[in-house]
Amino acid sequence: MQADKDTLAALQAIPGYKTTNPLYALDKVEAALAAYTQASEVQTQAAYEAARTAVYESERRFHELILGVKEQVIAPFGGNSNEVAAVGLKKKSEYKRPNRRQPKPKEL
């Protein structure tokens with residue numbers, strides 16, 4: 001493709017290039033290059049969006065599996081086990097128990 005672009009650049013530098021076949025006129029060749037460039041950009045954008053979507057879907061699937069794995073670790077080992085901590089969860093004993101508020105004494 002680069003060789004074809006170089007040929008077009010050389011053709012544009014030739015003063016007085018005229019052809020008997022209108023199919024090979026300079027404006028037709030330039031229009032074909034512009035159409036190729038536009039199609040290439042559209043195709044590249046579409047490929048990028050498809051790849052981005054595929055990455056997002058695979059990332060989401062992986063995350064959902066990890067969430068399921070964490071639940072599966074809690075089931076056999078219990079919520080206060082070292083295995084739960086190993087997969088990045090807090091043990092139940094690490095949560096702070098809520099403090100009861102002492103009512104204020106009534107002043108007379």
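Of all positions in the stretch 96-106, none carries a residue that is part of a helix (DSSP H, G or I) and not aromatic (F, W, Y).
A54 fulfils the conditions (1) loosely packed, with under 10 Cβ neighbours inside 10 Å; (2) farther than 30 Å from K5 by Cα except for a single criterion, (1). Without any contact (Cβ under 8 Å) to a residue 12 or more places away in the chain, exposed (fewer than 10 other Cβ atoms within 10 Å of the Cβ) and in a helix (DSSP H, G or I): does that describe D6? The answer is no for D6.
Yes/no matrix, rows are residues, columns are (1) among the charged types (D, E, K, R); (2) surrounded by fewer than 10 Cβ atoms within 10 Å (Cβ to Cβ):
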residue	(1), (2)
T37	no, no
V42	no, no
V73	no, no
A85	no, no
K96	yes, yes
P103	no, yes
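Could we say that E83 is over 30 Å from Q2 (Cβ atoms), at pLDDT 90 or above and more than 28 Å from the chain's Cα centre (by Cα) here? For E83, the condition - over 30 Å from Q2 (Cβ atoms), at pLDDT 90 or above and more than 28 Å from the chain's Cα centre (by Cα) - is met. Is at least one residue of the stretch 61-71 surrounded by 11 or more Cβ atoms within 10 Å (Cβ to Cβ), over 37 Å from the mean Cα position of the chain (by Cα) and without any contact (Cβ under 8 Å) to a residue 24 or more places away in the chain? No, the stretch 61-71 has no match at all. When we screen V29, V42, V55 for residues that are of a type in the set (A, V, I, L, M, F, W, C) and touching a residue at least 12 places away in the same chain (Cβ under 8 Å), the only hit is V29. Of all residues in the stretch 31-81, those satisfying the criterion of being of a type in the set (K, R) and more than 23 Å from K91 (Cβ to Cβ) are R52, R60, R61.
The values are calculated or read from the model by the stated rules, or taken from the named source; none is laboratory data. Keep in mind it's a predicted model, so treat the numbers as computed, not measured. Quick reminder, even Gly has a Cβ in these numbers, built from the backbone with ideal geometry, and neighbours come from all protein chains shown.
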